[in-house]
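Reviewing the structure listed below.
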């Protein structure tokens, strides 16, 4: 299985190498790594690793945490998006089947952002959100928290679920992404969600303009 591991570590030469060596010694195979932020001598990085199915992560967390100056922010299951440029692939699918554009984005986002599920929700007065489409793992009838203010952002619900939300151009429709047992969505993840939604909106706007011109 695949795991996402978020760590805070000293931003100096050799730190990444020590973490990578520790992961390898614990039996994890590093699939990819992303730098989320750097500043004030510290960095936050995400590692995606292959890990034996059914194996506990306690030993993995303890090994990483034993590296001087390194803090484990979270370890949670993830999925590997298909292809080398998953965001571009999703926009290509939206262009190919525009009538299902928003649904295609919602179905693809959980793998892209290492989330549990995503949904499209109609947001009414007072911020009440009603799911109208859910990805695998989500429920169309699920109760969502208040989504106001409706802008690209991340927040933690009262039950501890981590959410990222981004409005779509089509009316009061919002793209909602959720995960549990994981750290809050980082600002870079929210930015990626916003860029994906904007690209999909742009493709759909061109398609609608083409239809109206016929």
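The values are calculated or read from the model by the stated rules, or taken from the named source; none is laboratory data. Predicted model only: the values in this text are computed from it and were never measured. When we count neighbours, we look across all protein chains shown, and the Cβ atoms used for this are built from the backbone with ideal geometry, even at glycine.
Hey, could you check segment 149-172 for residues that are exposed (fewer than 13 other Cβ atoms within 10 Å of the Cβ) and more than 27 Å from residue 100 (Cβ to Cβ) and say which is modelled with the lowest pLDDT?
It comes out as 149.
Can you confirm whether residue 109 is part of a helix (DSSP H, G or I) and in contact with a strand residue (DSSP E or B) (Cβ under 7 Å, 6 or more places away or on another chain)?
yes
Scan segment 112-123 for residues that are more than 26 Å from residue 36 (Cβ to Cβ) and either touching a helix residue (DSSP H, G or I) at 6+ places or on another chain (Cβ under 6 Å) or part of a loop (DSSP other than H, G, I, E, B) (or both) and jot them down.
Of everything in segment 112-123, just one residue is more than 26 Å from residue 36 (Cβ to Cβ) and either touching a helix residue (DSSP H, G or I) at 6+ places or on another chain (Cβ under 6 Å) or part of a loop (DSSP other than H, G, I, E, B) (or both), namely 120.
Looking for something touching a helix residue (DSSP H, G or I) at 6+ places or on another chain (Cβ under 6 Å), surrounded by 13 or more Cβ atoms within 10 Å (Cβ to Cβ), assigned by TED's automatic domain parsing to the domain that holds residue 186 and not in a loop (DSSP other than H, G, I, E, B) - is there at least one such residue anywhere in segment 124-142?
Yes, segment 124-142 contains a residue that is touching a helix residue (DSSP H, G or I) at 6+ places or on another chain (Cβ under 6 Å), surrounded by 13 or more Cβ atoms within 10 Å (Cβ to Cβ), assigned by TED's automatic domain parsing to the domain that holds residue 186 and not in a loop (DSSP other than H, G, I, E, B).
Filter segment 40-66 down to the residues that are assigned to a loop (DSSP other than H, G, I, E, B) and closer than 25 Å to residue 81 by Cα and list them by number.
51, 52, 53, 54, 55, 56, 57
If you go through segment 4-39, how many residues are part of a loop (DSSP other than H, G, I, E, B) and either in contact (Cβ under 8 Å) with a residue 12 or more places away in the chain or in contact with a strand residue (DSSP E or B) (Cβ under 8 Å, 6 or more places away or on another chain) (or both)?
Qualifying residue count, segment 4-39: 4.
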